[in-house]
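Where a number appears in this text, it was derived from the coordinates with a stated rule and is not lab data. Since the model is a prediction, treat every value here as computed from it, not as a measurement.
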Amino acid sequence: MKTLLTAVSLLFALQVLAEDHPSLAAVKAADKARVTAMQSGDRDKLDGIFSDDLRYAHSNGVVDTKTSFIGILSAGKTKYVGYDYEEQNFTFPSPGIALMTGRAHVKAESEGKAMDAVLSFLAVWREEKGQWRFLAWQSCKLPPVVK
């Protein structure tokens, strides 16, 4: 129990520190640009935002690289038509690394099929040559809320 309380206290402290972190505004702006670029499918913008080492694990288990994901988005094979954060938290575990966690309501169309889901996610941002680049994404679909 003591270990659990220590871990929870540490996570809370990291979250409080994130609110004052000097890179928080830059990472939030980079993420907003990422979502806009994903919705537009703009190859050049995506290329500038995604790290060359991108690993994008979709909620259905499919994993994309930077090249494959930009190809899918720019060709319109997948279109993100809605992307709204219900919860978005940031931590900075080491210099040049930002973790973003939370829940997002995502609407997408892929190969004629619609997806409308709330996702729990972990995203990783890495500062590369002075620019925050999107390094990794892992998400899972959350079950519908029972009312």
Top of Lys129, Lys32, Lys66 by mean-square fluctuation, Gaussian network on the chain, Cα under 10 Å: Lys129
Choice from Met100, Met115, Met38 with maximal GNM fluctuation in the chain (Cα, 10 Å cutoff): Met115
Reach of Lys66 by Cα under 30 Å, taken over lysines that are not fewer than 8 positions away in the same chain: Lys28, Lys32, Lys45, Lys77, Lys79, Lys107, Lys113, Lys129, Lys141
Tilt relative to the chain, helix 2-19 - C-alpha long axis, 0 to 90 degrees, to 10: 60
The chain, helix-only ellipticity at 222 nm - DSSP H runs n ≥ 4, -39,500 (n - 2.57), divided by all residues, nearest 500: -11000 deg cm²/dmol
Among Glu111, Glu87, Glu128: highest mean-square fluctuation, GNM of the chain, C-alpha pairs under 10 Å: Glu111
Rounded if a/c under 1.5, otherwise prolate or oblate - segment 40-82, Cα gyration tensor axes: oblate
Directionally averaged projected area (convex hull, Cα atoms, the chain), nm²: 10.4
